[in-house]
């Protein structure tokens with residue numbers, strides 16, 4: 001079954017728009033990881049129910065096994081290592097659901 | 001610009017799988033609201049970074065104006081009124097991002 005994978009982030013107050021632009025650019029490499037059907041990332045539009053979350057990555061994978069292979073993939077590891085410092089990791093929410 | 005709209009939910013401990021099945025069925029009507037390109041809903045697979053969130057709805061809309069028209073739409077209002085009691089509203093996160 002296909003899976004919707006999401007990562008919901010809260011940017012640190014010190015994170016600049018240039019740094020976010022670099023994160024955005026870096027997400028394009030993630031879409032090349034096998035099993036990823038599509039992947040989108042963006043800044044959340046202001047809304048009182050956002051609960052302080054500022055950015056979200058949403059992707060579709062061919063299966064939950066594809067998500068399990070994505071997580072340790074070198075391209076994903078490099079993305080996390082290169083960009084995690086811009087977000088409050090304690091707030092990050094990672095969810096997967098089959099549909 | 002197209003928009004990814006997400007609603008991330010935490011089901012109440014009293015919510016039954018039958019009630020969730022009814023919620024899932026009810027989401028299909030939401031996909032018929034004008035401007036909604038696609039809409040998916042599901043139970044999040046167990047994962048320590050889910051932070052207690054149990055279900056998520058992810059949709060694509062043609063534009064942020066389409067999302068603004070979706071929120072007060074009668075079909076959406078009926079969905080919320082008919083299903084909100086199954087989730088902890090204080091935890092619900094609603095996000096939209098353009099991509």
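Values in this text are rule-based calculations from the coordinates and carry no lab data. Treat the numbers as computed from the prediction; the structure is a model and nothing was measured. Cβ coordinates were reconstructed from backbone atoms using ideal geometry, including for glycine residues, and neighbour counts include every protein chain displayed.
Quick look at the values:
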quantity: Residue list for the stretch A:42-64, filter: more than 7 Å from chain B (Cβ to nearest Cβ) and either assigned to a loop (DSSP other than H, G, I, E, B) or within 14 Å of residue A:20 (Cα to Cα) (or both); calculated: A:46, A:48, A:52, A:54, A:55, A:57, A:62, A:63
quantity: Filter result (out of contact with any strand residue (DSSP E or B) (no Cβ under 9 Å at 6 or more places or on another chain) and in contact (Cβ under 8 Å) with a residue 40 or more places away in the chain) within the stretch B:54-77; calculated: B:73, B:75, B:76
quantity: Selected residue (criterion: farthest from residue B:73 (Cα to Cα)) from residues of the stretch B:21-53 that are touching a residue at least 24 places away in the same chain (Cβ under 8 Å) and under 12 Å from the mean Cα position of the chain (by Cα); calculated: B:23
quantity: Subset tally (residues that are under 17 Å from residue B:42 (Cβ atoms) and either outside any helix (DSSP H, G or I) or over 13 Å from the mean Cα position of the chain (by Cα) (or both)) for the stretch B:72-90; calculated: 1
quantity: Considering residues of the stretch A:67-99 that are farther than 26 Å from residue A:50 by Cβ and surrounded by 12 or more Cβ atoms within 10 Å (Cβ to Cβ) only, the residue nearest to the other protein chains (Cβ to nearest Cβ); calculated: A:68
quantity: Residues (out of contact with any strand residue (DSSP E or B) (no Cβ under 7 Å at 6 or more places or on another chain) and part of a loop (DSSP other than H, G, I, E, B)) located in the stretch B:7-30; calculated: B:13, B:14, B:15, B:16
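Per-residue answers, yes or no, for (1) surrounded by fewer than 19 Cβ atoms within 10 Å (Cβ to Cβ); (2) over 19 Å from residue B:60 (Cα atoms):
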position: A:2; (1), (2): yes, no
position: A:13; (1), (2): yes, yes
position: A:17; (1), (2): yes, yes
position: A:20; (1), (2): no, yes
position: A:31; (1), (2): yes, no
position: A:34; (1), (2): yes, yes
position: A:50; (1), (2): yes, no
